[in-house]
Amino acid sequence: MLDAAFLIMCLVVFLALAFDFINGFHDTANAIATAVSTRALSPRVAILLASTMNFVGALTFTGVAKTIGGDIADPATLQHGEQIVIAALIAAIAWNLITWYFGIPSSSSHALIGSLVGAVIGAAGIAGVNASGFTNIVKALIFSPLIAFALGFLFMWLLKKIFANRSPHQVNKGFRITQIFTAAFQSFTHGTNDAQKAMGIITFALVAAGLQDNLDVPLWVKLSAATAMALGTSVGGWKIIKTMGTKIFKIEPINGFAADIGSAVVILTATITHFPVSTTHVITSSILGVGSAKRFANVKWSLAGRIMMAWVITIPITVIMAMLIYWLIAWIWL
């Protein structure tokens with residue numbers, strides 16, 4: 001008969017990889033929306049490219065995984081750590097599916113972080129949360145979109161100045177080619193940050209269960225998370241692609257290039273400095289910055305406002321969802 005602890009850990013891994021898979025198709029749109037909307041890449045080729053580069057990116061770094069695994073709470077000191085992770089993952093997956101269904105580019109990162117905080121509070125109270133670590137993560141989540149907006153605006157402003165006297169048709173023809181490379185770079189950076197969140201949550205559970213005594217990510221966890229992210233990416237998220245690539249403002253190849261570069265720089269910088277950021281927030285903000293530099297009045301700010309509202313409510317809602325789910329698990333199971 002299989003050991004109960006082994007079965008619980010299998011459930012944790014399954015849910016974490018399911019979250020990673022859903023994160024992949026939920027956030028695929030972010031990395032390739034501009035390239036698809038400008039017809040720089042066909043949807044099929046764009047998704048294949050994004051899947052491959054997500055996989056490569058996921059295997060390249062582990063710093064964000066350690067931040068997720070240890071900065072929000074100390075898994076070694078928590079009771080029922082595996083149940084905390086299960087509650088967090090169920091809440092995060094539920095929120096991702098709800099927002100995907102309605103085509104809202106909300107943040108998988110916010111959903112996971114909010115859910116983990118909520119589950120920890122449900123199990124150990126507010127004292128179980130590492131306030132300084134959580135505050136640093138929230139700061140990164142807040143400031144990264146602002147920086148991405150500024151970079152998107154700056155890059156588009158510079159490109160307008162540089163190519164002011166060139167034929168728009170020729171300019172866009174050239175930038176349609178460069179978008180192939182920026183979409184690949186964007187997908188790589190997405191993998192470097194987002195796939196590590198599932199790695200971090202599995203490592204959190206391994207430490208909580210006493211199966212390892214540090215936050216180093218095992219190779220099997222890296223490979224599993226990278227594969228789940230790549231497979232999820234291959235499914236795609238067409239509703240969100242439509243929102244990101246066409247509804248905010250009419251994107252041309254030069255705009256897509258500027259938006260991709262601005263957001264990829266922010267995401268890669270965050271990964272190198274071990275901060276989890278929302279790729280959704282960063283990419284959307286970069287697109288908004290580019291649109292503002294192109295023509296402020298053409299940006300559909302009412303839609304942008306609805307997207308931002310989803311950003312604001314994600315953490316509070318997932319905190320509450322995860323608390324309730326943990327209490328339900330505790331009532332049935334513990």
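Worth pointing out:
- Within region 23-42, considering residues that are at pLDDT 70 or above and among the small types (G, A, S), the one nearest to I113 (Cα to Cα): G24
- Evaluation of A131 against (1) in contact with a helix residue (DSSP H, G or I) (Cβ under 8 Å, 6 or more places away or on another chain); (2) open to solvent by 50 Å² or more (accessible area, probe 1.4 Å); (3) among the small types (G, A, S) (one fails), failing number: (1)
- Those residues of region 270-286 which are over 18 Å from N23 (Cα atoms) and β-branched (V, I, T), in sequence order: I272, T273
- Considering each residue of region 100-121 in turn, none proves to be in contact with a Gly (Cβ under 7 Å, 6 or more places away or on another chain), touching a residue at least 24 places away in the same chain (Cβ under 8 Å), under 12 Å from I315 (Cβ atoms) and in a helix (DSSP H, G or I).
- Residue count for region 1-31, restricted to those that are of a type in the set (A, V, I, L, M, F, W, C) and in contact (Cβ under 8 Å) with a residue 24 or more places away in the chain: 16
- Exactly one residue among F204, F175 is closer than 23 Å to A270 by Cα and either modelled with pLDDT under 90 or assigned to a helix (DSSP H, G or I) (or both), and that residue is F204.
- Within region 288-330, restricting attention to residues that are of a type in the set (V, I, T) and in contact with a Phe, Trp or Tyr (Cβ under 8 Å, 6 or more places away or on another chain), the residue that is modelled with the lowest pLDDT is V299.
- Exactly one residue among T34, T60 is in contact (Cβ under 8 Å) with a residue 60 or more places away in the chain, open to solvent by less than 10 Å² (accessible area, probe 1.4 Å) and of a type in the set (V, I, T), and that residue is T34.
- Lone unmet requirement of (1) at pLDDT 95 or above; (2) surrounded by fewer than 22 Cβ atoms within 10 Å (Cβ to Cβ) for I86: (2)
- Scanning region 141-156 for residues that are surrounded by fewer than 20 Cβ atoms within 10 Å (Cβ to Cβ) and either closer than 14 Å to T269 by Cβ or modelled with pLDDT of 95 or more (or both) yields F143, L146, A150, L154.
The values are calculated or read from the model by the stated rules, or taken from the named source; none is laboratory data. None of these values were measured; they are calculated from a predicted model. Cβ sites come from the backbone with ideal geometry, for glycine too, and all protein chains shown count toward neighbours. Ligands, DNA and RNA are excluded from the accessible area calculation, which covers all protein heavy atoms including side chains. Shrake-Rupley method; radii C 1.70, N 1.55, O 1.52, S 1.80 Å.
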